[in-house]
Amino acid sequence: MKNGEADFHEEKKRLLSDLCRARGGVCDLRETHMSWLFLGVERVYKLKKPVRYSFLDFSSVALRRYFCFEELHLNRRLAAETYISVVPICRTTDGGLRAGGVGSVGEAIDWAVEMRRLPDCDMLYYRMQAASVESSDIDAVAAVLSGFYRSRPSDHVVCEHQMAYMSKQLDEDATVLCREEFGLAQQVSPLLAKAREELAECASELHRRMRAGWLREGHGDLRPEHVWLEQPLQIIDCGIQSNDEDCRSMPGDCTAWHGM
């Protein structure tokens, strides 16, 4: 990254940090391989990094804008109380930066997703760590998810294409997990080989389920860290993907991933 680009990103990060501090005095900055997260007392802002991967492309302002609105749309299905808006980041007349269009000049130079801050202590992950999850909590999550999956239309796909995609995903997993710097090849290679065997053995059953309409667009990244147990229950951070195959799953796949 060039110095000018790094300075520009730091300028945007300072702006969003200041927005958080303006409502509670604190900002906790967290970073993933795709985004910066600015967590304040009342608000969270997510700024997408200008990166490109095989499964996602945030490399231009236009693409980041598109995926911000896509994230807002998809996540409001299961977390309408959390996802507030998409905020433009614009230049001001004095050359500074401003969140929102008022007092700005020209087009937005980036975009951020604005969310309500959910207390960490009520996330399923933290409740599990504290051994304070009740059976009623699991029933509530199951009720929300079952209603969600019932509401989703079935995806009609060419079974062979979907199976080829699943096989390709296993190959990509192997490429990543067996990288030399991780030192995991000896441990994970037998597991990956077993996964390929199981995929081949289950092919006829998977075909049957695809033809029966079990395949549909799901959450995409269902984990205990993404489930907030207070009312109204919120399931956040829906997986944003750039192709249809990454968005499709069977309800059992998502719940099994959640159980892991």
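The values are calculated or read from the model by the stated rules, or taken from the named source; none is laboratory data. In this text the structure is predicted, and so the values were computed from the model without any measurement. Please note: Cβ atoms are built from the backbone with ideal geometry, for glycine as well, and neighbour counts cover all protein chains shown.
Here is how the numbers come out for the structure above:
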{"item": "Failed criterion for Thr32 (all others in (1) polar (S, T, N, Q); (2) free of Cβ contacts under 8 Å to residues at least 40 places away in the same chain; (3) in contact with a Cys (Cβ under 7 Å, 6 or more places away or on another chain) hold)", "result": "(3)"}
{"item": "Single condition Lys46 does not satisfy, out of (1) closer than 26 Å to Gln169 by Cβ; (2) in a loop (DSSP other than H, G, I, E, B); (3) not aliphatic (A, V, I, L, M)", "result": "(2)"}
{"item": "Close pairs from segment 133-155: first modelled with pLDDT of 95 or more, partner surrounded by 10 or more Cβ atoms within 10 Å (Cβ to Cβ) and charged (D, E, K, R), Cβ under 8 Å, at least 6 apart", "result": "Val133/Arg127; Asp137/Arg127"}
{"item": "Extreme residue, farthest from Trp36 (Cα to Cα), among residues of segment 110-167 that are aliphatic (A, V, I, L, M) and part of a loop (DSSP other than H, G, I, E, B)", "result": "Val158"}
{"item": "Residue in segment 65-75 that is assigned to a strand (DSSP E or B) and not polar (S, T, N, Q) present", "result": "no"}
{"item": "Residues located in segment 216-226, provided they are assigned to a loop (DSSP other than H, G, I, E, B) and modelled with pLDDT of 85 or more", "result": "Leu222, Arg223"}
{"item": "Restricting segment 53-92 to residues that are among the charged types (D, E, K, R) and without any contact (Cβ under 8 Å) to a residue 24 or more places away in the chain, the residue that is farthest from Gly106 (Cα to Cα)", "result": "Arg76"}
{"item": "Condition check for Ser132: loosely packed, with under 13 Cβ neighbours inside 10 Å, among the polar types (S, T, N, Q) and within 19 Å of Arg223 (Cβ to Cβ)", "result": "yes"}
{"item": "Options Gly24, Gly4; residue that is within 17 Å of Arg117 (Cβ to Cβ), at pLDDT below 95 and more than 25 Å from the chain's Cα centre (by Cα)", "result": "Gly24"}
{"item": "Given (1) crowded, with 18+ Cβ neighbours inside 10 Å; (2) at pLDDT 95 or above, number of the condition Leu74 does not satisfy", "result": "(2)"}
{"item": "Odd one out for Leu39, checked against (1) exposed (fewer than 14 other Cβ atoms within 10 Å of the Cβ); (2) modelled with pLDDT of 95 or more; (3) touching a helix residue (DSSP H, G or I) at 6+ places or on another chain (Cβ under 9 Å); (4) farther than 16 Å from His9 by Cβ", "result": "(1)"}
{"item": "Some residue of segment 197-218 being loosely packed, with under 14 Cβ neighbours inside 10 Å and touching a strand residue (DSSP E or B) at 6+ places or on another chain (Cβ under 7 Å)", "result": "yes"}
{"item": "Residue in segment 227-236 that is in a helix (DSSP H, G or I) and surrounded by 12 or more Cβ atoms within 10 Å (Cβ to Cβ) present", "result": "no"}
